[in-house]
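The values are calculated or read from the model by the stated rules, or taken from the named source; none is laboratory data. Quantities reported herein were computed from a predicted structural model and do not represent experimental measurements. FYI the Cβ positions are ideal-geometry reconstructions off the backbone, even for glycines, and counts take in every protein chain you see. Just the protein is used for accessible areas: all its heavy atoms, side chains included, with ligands, DNA and RNA removed. Shrake-Rupley method; radii C 1.70, N 1.55, O 1.52, S 1.80 Å.
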Amino acid sequence: MNESTSKGVNKFVTLADGTSLPAIGQGTWNISENPNNQTDEIKALQLGVKLGMSLIDTAEMYGHGASELLIGKAIEAIRQDVFLVSKVYPQNASKKGASKACENSLKRLKTDYLDLYLLHWRGSVPLEETVAVMEQLKKAGKIKRWGVSNFDIDDMQELWHLTNGQHCCVNQVLYNLGSRGIEFSLLPWCKQHNVSIMAYCPIAQGGSLTKQLLSNKVVSDLAKTKQCTIMQLLLAWCIRNGQVIAIPKAVNKQHVYENAQAASITLTEQELTLLDREFNPPEHKMPLDIV
Ligand code: NDP
């Protein structure tokens, strides 16, 4: 798989406001840790955008702002081609704190707006205060839309009862074939309420979160049959239903090509059943997985 054979991402997810997003985007946790790798990391992100993975996910937390700084350099000349997502720390998600945090993120990212701003996880700031400041930031043009991350179904239900809480358009949560707990109630609830799921750790951090994904014979045989890698199979599985956007992080150029190409892999009902037998869908409510 190389540049000439790559077709780019060909599956999309539509947000509640009608915005169409590529079903595979790019994560950026743990980039920018080593200054010697910056050039490669910038090139990887730019290549990913070129291949259709135009959604880039970051957070003020990542590298204490270093991830946003690096992305700022990577997208300076292509800002209009990118759907930029950042996240506010829960302790900064207050009226004053979020405005300042957002301004700082915008500076680091060298842009004047975010396409999506997420509350990274729930903290002690009252949810209604965070919703109010998200709405203010939207009005001021600093963010186009907002969402949440690591919210389980009870948090979503609470949010839905707040003024403007229903403007939340994305919930970013951990989801992969080895970690399917959200399928019991959160995923259906989000579908019913038009909240798109953004799957973090979609390839279980290269398999290291769930080692069985790499050693499972059904998974590796199916990848062989589909003429793809296990990671591509995991991504194709993650985005199979049109509701989930996967955001794998990849710096290795080959990984970037492979991830973009994974959007072209479609799994049949029979293949999905095979995978269900190995990695069962949940039969009861499970606690939300978090890293
Ligand atoms: P991922 O599941 O994306 O795994 C990343 C690892 O997989 C890297 O080591 C990468 O290597 C490797 N990899 C990527 N593509 C391939 C491939 N095709 N074949 C083999 N290996 C591959 O884990 P992350 O934890 O990074 O999650 C993704 C993103 O989700 C984060 O980067 C972040 O943006 C977001 N996130 C959000 C959280 C939240 O609380 N909201 C929590 C955690 C993550 P290499 O880089 O060398 O290519």
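Quick notes on this structure:
- Residue count for region 205-225, restricted to those that are buried (at least 16 other Cβ atoms within 10 Å of the Cβ) and over 14 Å from H255 (Cβ atoms): 8
- Residues (over 18 Å from L109 (Cβ atoms) and open to solvent by 20 Å² or more (accessible area, probe 1.4 Å)) located in region 11-29: K11, F12, T14, A16, D17, G18, T19, S20
- Evaluation of Q243 against (1) under 14 Å from the mean Cα position of the chain (by Cα); (2) crowded, with 24+ Cβ neighbours inside 10 Å (one fails), failing number: (2)
- Among the residues of region 21-70, those that are more than 10 Å from the ligand (Cβ to nearest atom) and charged (D, E, K, R) comprise E33, K43, K50, E60, E68.
- Condition check for L187: touching a helix residue (DSSP H, G or I) at 6+ places or on another chain (Cβ under 9 Å), open to solvent by less than 30 Å² (accessible area, probe 1.4 Å), in contact (Cβ under 8 Å) with a residue 24 or more places away in the chain and among the aliphatic types (A, V, I, L, M): no
- Residue in region 271-279 that is aliphatic (A, V, I, L, M), closer than 19 Å to I24 by Cβ and in contact with a helix residue (DSSP H, G or I) (Cβ under 7 Å, 6 or more places away or on another chain) present: yes
- Against the test of being within 19 Å of the chain's Cα centre (by Cα), more than 8 Å from the ligand (Cβ to nearest atom) and among the hydrophobic types (A, V, I, L, M, F, W, C), the options A250, A223, A263 yield a single qualifying residue, A263.
- Considering the conditions (1) among the aromatic types (F, W, Y); (2) touching a Ser or Thr at 6+ places or on another chain (Cβ under 8 Å); (3) closer than 20 Å to A16 by Cα; (4) not in a strand (DSSP E or B), F151 is excluded by exactly one of them, (2).
- Any hit, region 16-30, residues being of a type outside the set (K, R), outside any strand (DSSP E or B) and more than 30 Å from K191 (Cβ to Cβ): yes
- Scanning region 91-110 for residues that are touching a helix residue (DSSP H, G or I) at 6+ places or on another chain (Cβ under 8 Å) and either hydrophobic (A, V, I, L, M, F, W, C) or open to solvent by less than 10 Å² (accessible area, probe 1.4 Å) (or both) gives A93, A98, A101, C102, S105, L109.
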